[in-house]
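For reference, the structure is listed below as structure tokens.
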Amino acid sequence: MIFFWAFVVGGIICVIGQFMMDVLRFTPAHTMSTLVVLGAVLDGLGLYDPLIEFAGAGASVPITSFGNALVHGAMAEAEKSGLIGVITGIFEVTSAGISAAIVFGFFAALFFRAKG
């Protein structure tokens with residue numbers, strides 16, 4: 001049953017993003033930024049962790065989970081180090097994802113020709 005709910009919740013997040021691009025005419029960058037902020041706000045309200053427990057990868061794989069990770073890292077380091085921990089915590093938790101995006105983006109730029 002967990003696979004079903006992962007599919008449904010992940011699909012709903014994707015439908016929200018597609019709605020923002022098709023109906024609201026958001027650019028992909030605006031859509032992605034809005035979904036990251038939505039994930040951060042839901043985590044700040046304490047709603048994203050129960051969603052991950054309920055839907056598993058359906059909530060932890062989409063871009064909204066990046067906002068969740070940002071808030072988690074900031075809050076954990078803020079408890080340890082104070083205000084400076086907010087900034088260091090954001091990068092500590094998300095550095096692997098950011099590094100992977102940079103490396104894969106670099107290799108994609110080497111092997112594929114950009115159009116535009």
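The values are calculated or read from the model by the stated rules, or taken from the named source; none is laboratory data. Model, not experiment: these values are computed from the prediction. FYI the Cβ positions are ideal-geometry reconstructions off the backbone, even for glycines, and counts take in every protein chain you see. Ligands, DNA and RNA are excluded from the accessible area calculation, which covers all protein heavy atoms including side chains. Shrake-Rupley method; radii C 1.70, N 1.55, O 1.52, S 1.80 Å.
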Next on the checklist: As an exercise, use a Förster radius of 25 Å and the Cβ-Cβ distance of ALA100 and ILE52 to find the FRET efficiency, rounded to the nearest 0.05.
Outcome noted: 0.80
Checklist entry - Under 14 Å from the 7 Å Cα→Cβ point of ALA78, by amide nitrogen: which residues of the stretch 31-62? => result 40-46
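Probe radius 1.4 Å, ligands and nucleic acids ignored: give me the carbon and sulfur share of the accessible area of the chain as a rounded percent.
Numbers: 6110 of 8020 Å².
That share works out to 76 percent.
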Checklist outcome for this item: Note, VAL86: beta-carbon cut-off 12 Å, +1 each Lys/Arg, -1 each Asp/Glu, net -2
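When Lys and Arg each count +1 and Asp and Glu each count -1, what net charge do the other residues less than 15 Å away from LEU70, Cβ to Cβ, add up to? Don't jump to the answer; show the numbers that get you there.
Working: positive: none; negative: ASP43, ASP49, GLU77, GLU92.
Within the 15 Å Cβ shell, the charges total -4.
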Checklist entry - Tell me, what does the Kirkwood hydrodynamic radius of the stretch 26-116 come to in angstroms if you use every pair of distinct C-alpha atoms? => result 14.5 Å
Item to check | Charged-residue dipole, Cβ positions (Lys, Arg, Asp, Glu), the chain about Cα centre, Debye nearest 20 | outcome: 540 debye
Item to check | Lys, Arg +1 and Asp, Glu -1 on Cβ, resulting dipole of the stretch 19-81 about Cα centre, debye, nearest 20 | outcome: 200 debye
Next on the checklist: Tell me whether the stretch 1-57 comes out rounded, prolate or oblate; compute the Cα gyration tensor, take square roots of the eigenvalues as a ≥ b ≥ c, and use a/c under 1.5 as the rounded threshold.
Outcome noted: oblate
Checklist entry - Hey, can you list the DSSP H helices of the chain whose Cα span along the axis is 20 Å or longer and whose average Kyte-Doolittle score is at least -1.0? => result 2-22, 28-44, 64-81, 83-111
Checklist outcome for this item: Note to self, the chain gives a 222 nm [θ] from helices alone (DSSP H runs n ≥ 4, -39500 (n - 2.57) apiece, / all residues, nearest 500) of -28000 deg cm²/dmol
